[in-house]
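Student: What follows is a single structure, and I will ask about it in a moment.
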Amino acid sequence: MRAEVVVVDKKNPDRSVMEKAGRILKNGGLVAFPTETVYGLGGNALDPKASMKIYAAKGRPSDNPLIIHIAEFGKLGAIVSDIPEKAKILAKKYWPGPLTMILPKADIVPRETTGGLDSVAVRFPSDPIAQSLIRAAGGYVAAPSANTSGRPSPTLAEHVEEDLGDAIDMILDGGPVGIGLESTIVDFTEEIPVVLRPGYISLEMLKETLGEVRMDKGLLITDSSVHPKAPGMKYRHYAPKADLSVVEGSAEKVIRYINAAAAEAKERGETVGILATDETASRYKKGIVRSIGSRADEEEIARHLYEVLRNFDSDEVSAIYSEAFYTPKMGQAIMNRLLKAAGHKIIHISEEEEK
């Protein structure tokens, strides 16, 4: 049965629609919904069967933890066994918003939801539709991104329907999301808070609020032997169908390298995709060129990354070459997603013989 798609006004969610969606979740069903980051695939976080349904719908490994979404801070105490003072400080500053915190779980949270861990990931989204759905569902909604596991995360309801339309009950269409990259994840189960996934809230912002915060050493390396503490740490994610390479170096050398690769592909009868910016797109002469936005607006780059990767799937390109994006605030998060999408395949022009 095909998922029911319902357009919802973000500023004024229809109460009857939200109540219907809430009933689906209470009864063990699955509902996709927008957040300020990406679209999430919601299930009852306290129902182990619902969590297993989420894994099955996505084709997601069951040791990859799910994030529990709440719609009021007062709901946190029931699902965690301890709230460190620094977690309270961060929640006060950034909740509701694109922040996920990992805390020791309470017994009420099933291990099916936490990927077998004694900790639980919790987020309080700011999106009005998300908040309304969470309240209608009873207060605790487990929700990874609403895409087939490994694919680029959905920033539009159409992306959800494309991936999961035959596997879930309902899709709440709230239009395009605002940020476009998943939430920052901070682990509070260690003495010093650890960033397990960079996002809109940067390491520098966290340090300004908490003081000492460190970045997890394994962020840029995929290690299949490690049990992930947070979504996206162990497995390849965000990947388009074609092989993706990130090309790093001076702007001139990067453009020259990608143009040469695109020309060689054309001689073989193939077409490559090129992920560029507004500033460089016109300088690529072969292949299908898509701009991710202007380097002067890194939030635009973040917002469009997954959509552009999905568009290359529609183009049926043989390979994709992307410029690197080391922007001041969100560059860490953008590059984290881009490198995961590329399976960490990065071409350093300075270390290679130019074509």
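The values are calculated or read from the model by the stated rules, or taken from the named source; none is laboratory data. Remember, it's a predicted structure, so these values are computed and weren't measured experimentally. The accessibility values were calculated without ligands, DNA or RNA, using every heavy atom of the protein model including side chains. Shrake-Rupley method; radii C 1.70, N 1.55, O 1.52, S 1.80 Å.
Student: Does segment 246-325 classify as rounded, prolate or oblate by the C-alpha gyration tensor (a ≥ b ≥ c root eigenvalues; a/c under 1.5 gives rounded; else a/b over b/c gives prolate, otherwise oblate)?
Tutor: Oblate shape, in that a/c is at least 1.5 and b/c is the bigger or equal ratio.
Student: Report the Stokes-Einstein translational diffusion coefficient (µm² s⁻¹, integer) for segment 1-146, Rh taken as the Kirkwood radius over Cα pairs, at 37 °C with viscosity 0.692 mPa s.
Tutor: Taking Rh from Cα pairs, D becomes 217 µm²/s.
Student: Length gain on complete extension for the stretch Glu252 to Asp63, per 0.36 nm per residue less the alpha carbon to alpha carbon distance?
Tutor: Length gained between Glu252 and Asp63: 63.7 nm.
Student: Still on this structure: Counting each DSSP H run of 4 or more residues in the chain as -39500 (n - 2.57), what helix-only mean residue ellipticity at 222 nm follows after dividing by all residues, to the nearest 500 deg cm²/dmol?
Tutor: That calculation yields -9000 deg cm²/dmol at 222 nm.
Student: Please list the equivalent ellipsoid semi-axes of segment 304-355, computed as the square roots of five times the alpha-carbon gyration tensor eigenvalues, in descending order and whole angstrom.
Tutor: Values for segment 304-355, descending: 20, 18, 9 Å.
Student: Next question, about the same structure. For Lys20 and Ala281, calculate 0.36 nm times their separation in residues minus their Cα-Cα distance, and state this gained length in nm to one decimal.
Tutor: 89.4 nm
Student: Give me the extension gain from Lys10 to Arg135: residue separation times 0.36 nm, minus the current Cα-Cα distance, reported in nm with one decimal.
Tutor: The Lys10-Arg135 span can extend by a further 43.5 nm.
Student: With a probe of 1.4 Å, find how much accessible area the chain has per residue, and write the answer as a whole number in Å².
Tutor: Numbers: 14590 Å² over 355 residues.
On a per-residue basis, the chain sits at 41 Å².
Student: Looking at the square roots a ≥ b ≥ c of the eigenvalues of the Cα gyration tensor of the chain, which shape do they give, rounded for a/c under 1.5, prolate if a/b is larger than b/c, or oblate? Before the final figure, lay out the partial values.
Tutor: On the way: a/c = 1.98, a/b = 1.49, b/c = 1.33.
Cα axes put the chain in the prolate bin.
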